[in-house]
Amino acid sequence: MKVVIKRGRLAFAQIWEPKSYDGKSEPRCSASIILDPKAQKAEVDKVIAAIQQVASEKWGAKSGDVLKTLKAKGDICLHDGATKSEYDGFDGMVFVSAANKARPVVVDRDKSPLTQQDGRPYSGCFCDFSIDIWPQDNQYGKRINAKLLAIRFYEDGPAFGGGAGYSDADFDDEDDAAEGKSDDGFFN
């Protein structure tokens, strides 16, 4: 079931080329979509409704029990941010894990195509996401997954885990006089 999520925060963006995380699994593109469960309640409710609907269609009268078990095992694409609270942006939030064996469509706010060289989207920015929520029930087990179909960059946000960016102060001329001098004993 297709769901469009508005203004989610992009995290763990592996969106430009598929990658295998353990060297054994099939390569895929993936992302986490962070949502504020209070401020973005309507977006979270859309995801929950889709999860419930695909579960009901797949498992019928047993869907409530199946979902309860899957949720307890973390086998649903919607997660409590507390499970990743050690990472910036997740504490107090919820997130959707989405993946695709193929590269998702990636566009700018005006819907023009973006490439990796454009520098956006990036982990920490805000985007709109098109995902397909679907039930899995096969030899690998039962799950509710989200397929990452498309990402539209919406606006900048503080980057996650990217380190410090360039600043004009990086190359201030006042430091030129001290060039080549070190009295801290580190290299002496």
- Item | Matching residues, the stretch 102-115, being over 21 Å from Glu26 (Cβ atoms) and either open to solvent by 100 Å² or more (accessible area, probe 1.4 Å) or basic (Lys, Arg) (or both) | Arg109, Asp110, Lys111, Pro113
- Residue satisfying condition, being part of a loop (DSSP other than H, G, I, E, B) and either hydroxyl-bearing (Ser, Thr, Tyr) or free of Cβ contacts under 8 Å to residues at least 24 places away in the same chain (or both), within set Ser130, Ser123: Ser123
- Looking only at the stretch 155-174, decide whether some residue is at pLDDT 95 or above and open to solvent by less than 20 Å² (accessible area, probe 1.4 Å). no
- Query: So is Ala55 over 30 Å from Gly157 (Cα atoms), open to solvent by less than 60 Å² (accessible area, probe 1.4 Å) and in contact with a Leu (Cβ under 9 Å, 6 or more places away or on another chain) or not?
  - Reply: yes
- Query: Within the stretch 111-146, how many residues turn out to be out of contact with any Cys (no Cβ under 9 Å at 6 or more places or on another chain), closer than 17 Å to Val4 by Cβ and of a type outside the set (A, V, I, L, M, F, W, C)?
  - Reply: 4
- Message: Between Ile51, Ile76, Ile34, which is more than 24 Å from Asn138 (Cα to Cα), of a type outside the set (D, E, K, R) and touching a strand residue (DSSP E or B) at 6+ places or on another chain (Cβ under 7 Å)?
- Response: Ile34
- Item | Members of the stretch 10-37 found to be part of a loop (DSSP other than H, G, I, E, B), open to solvent by 50 Å² or more (accessible area, probe 1.4 Å) and of a type in the set (D, E, K, R), listed by number | Asp22, Lys24, Glu26
- Return yes or no: is Val94 within 22 Å of Trp134 (Cβ to Cβ), over 13 Å from the mean Cα position of the chain (by Cα) and either open to solvent by less than 30 Å² (accessible area, probe 1.4 Å) or of a type in the set (Val, Ile, Thr) (or both)? no
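The values are calculated or read from the model by the stated rules, or taken from the named source; none is laboratory data. No experiment lies behind these values; they were computed from the predicted model shown. A quick note on method: Cβ atoms are made from the backbone with ideal geometry, for glycine too, and the neighbour counts reach across all protein chains shown. Surface areas here come from the heavy atoms of the whole protein model, side chains and all, with no ligands, DNA or RNA. Shrake-Rupley method; radii C 1.70, N 1.55, O 1.52, S 1.80 Å.
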